[in-house]
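Inspection log for the structure reproduced underneath, given as structure tokens.
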Amino acid sequence: MSDIGDAEILSEGVHGDLAKTMGVEFLEASAERVVGRMPVKGNTQPYGLLHGGASCVLAESLGSIGAALHAGAGRIAVGIEINATHHRSATEGHVTGVATRLHGGRSLATYDIVITDDEDRRVCTARLTCMLRDAPGA
């Protein structure tokens, strides 16, 4: 993913099968900030609430793209730690995540991800750290 640009991130097919299956849309992408959203429908647990794991998938998808853009050409980003606090449930509409870079070094990048519902209420706060490595064969 490190050899792609911001515009390519926003196009189809560069964000992996899981994000596509869950309906994640990327709206903005740079090394400093990545924004995306996904539907609640289809991503719920048995009680009809947004699954906490779905929030983690959105958070890691956004943070990983930011880290890959930060890493640059010939490098890759691999998630090594994620944590999430679930503040409230969502039962309909979409949730939107905003990943903001907290630290961008040569070997690690850390992002704060805030996920909100359609009424701009915080659903989840997550933090992702990615290890940055040279791409295999680079």
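The values are calculated or read from the model by the stated rules, or taken from the named source; none is laboratory data. Computed from a predicted structure; not experimentally measured. For neighbour counting, all protein chains shown are included, and Cβ atoms are generated from backbone atoms with ideal geometry for every residue, glycine included.
Here G137 clears all of (1) modelled with pLDDT of 95 or more; (2) not in a strand (DSSP E or B) except the condition numbered (1).
For segment 115-125, does any single residue satisfy the condition of being touching a residue at least 60 places away in the same chain (Cβ under 8 Å) and among the basic types (K, R)? Scanning segment 115-125 turns up no residue that is touching a residue at least 60 places away in the same chain (Cβ under 8 Å) and among the basic types (K, R). Set side by side, the residues V40, V35 differ, and just one is surrounded by 19 or more Cβ atoms within 10 Å (Cβ to Cβ), touching a residue at least 40 places away in the same chain (Cβ under 8 Å) and more than 16 Å from G16 (Cβ to Cβ), which is V40. If you take the residues of segment 89-130 that are out of contact with any Asp or Glu (no Cβ under 7 Å at 6 or more places or on another chain), among the β-branched types (V, I, T) and surrounded by 14 or more Cβ atoms within 10 Å (Cβ to Cβ), which of them is nearest to S30 (Cα to Cα)? Per the criteria, the residue is V98.
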